[in-house]
Structures are given as structure tokens and as C-alpha cells.
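The structure under discussion appears below in the form of C-alpha cells.
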Amino acid sequence: MLVDLIKLARPKQWSKSVFVLIGPLYGFAAGQPVDWRSVAFAVLAFALASSGCYMLKAIRDADADAAHPRKKHRPIAS
């Protein structure tokens, strides 16, 4: 069950969270102080929020995904 929850969270998509770093990196390059702990929290929050969206979509589309040849192996659809 833990493996299914991890698959459902789609950790491969978490790489998109690095876009949250763009603003603080520009500020850092400009010599502005950056609270890296807050930045790390924002990256984590973005990753978890995106996982939540993927989970809600999986629940909503479970019937259609179960009939799809590739998506039928996803945790909720199966």
C-alpha cells in the first residue's frame, strides 16, 4: 500500500517544484538576503500541493482510467 501511495503522489513530477526557486535565486544574485528555510518550505509545499492535485484527479477519473490500456495500472484505477 505504501508503494501505491508513493506512485499516486507522482514524485517524478516534483522536479517542477524547482521553478519556485527562480525568484529567490534572482534575489540572491542581486545581493538580497534570502531565507533559505522558507524557500525549502515553499518547494516542499508546492510538491505536496501538486501531489494532492494528482490524487484528486486520479479519484475523479478512476472509472475512465480503469478502461484505458496504460492508465489502468495506476493505483486508484486498479
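At 1.4 Å probe size, with the rest of the protein present, what percent of the exposed accessible area of the chain is carbon and sulfur atoms?
About 68 percent, which is the carbon plus sulfur part of the accessible surface.
Please compute the modelled spin-label separation between L2 and D61, points set 7 Å along Cα→Cβ, answer in nm with one decimal.
That separation, rounded to one decimal, is 2.9 nm.
For F28 and L44 in one chain, what is 0.36 nm times their gap in residues minus the Cα-Cα distance, to one decimal in nm? Don't skip to the answer; put the middle values down first.
On the way: separation 16, 0.36 × 16 = 5.76 nm, distance 1.97 nm.
Value of the extension gain: 3.8 nm.
State in Å² the accessible area per residue of the chain; use a 1.4 Å probe, count heavy atoms of protein chains only, and round to the nearest integer. It would help to have the intermediate numbers written out before the result.
Working: 6040 Å² over 78 residues.
Roughly 77 Å² per residue, with all protein chains present.
Using Cα atoms only, what is the angle between the long axis of helix 36-60 and the major principal axis of the chain, expressed in degrees (0 to 90) to the nearest 10?
The angle comes out near 20 degrees.
Counting each DSSP H run of 4 or more residues in the chain as -39500 (n - 2.57), what helix-only mean residue ellipticity at 222 nm follows after dividing by all residues, to the nearest 500 deg cm²/dmol?
-18500 deg cm²/dmol
The values are calculated or read from the model by the stated rules, or taken from the named source; none is laboratory data. Note that the structure is predicted; figures quoted are calculated from it, not measured. Reconstructed Cβ throughout: ideal geometry from the backbone, glycine too, with neighbour counts over all protein chains shown. For accessibility, only protein heavy atoms count, side chains too; no ligands or nucleic acids. Shrake-Rupley method; radii C 1.70, N 1.55, O 1.52, S 1.80 Å.
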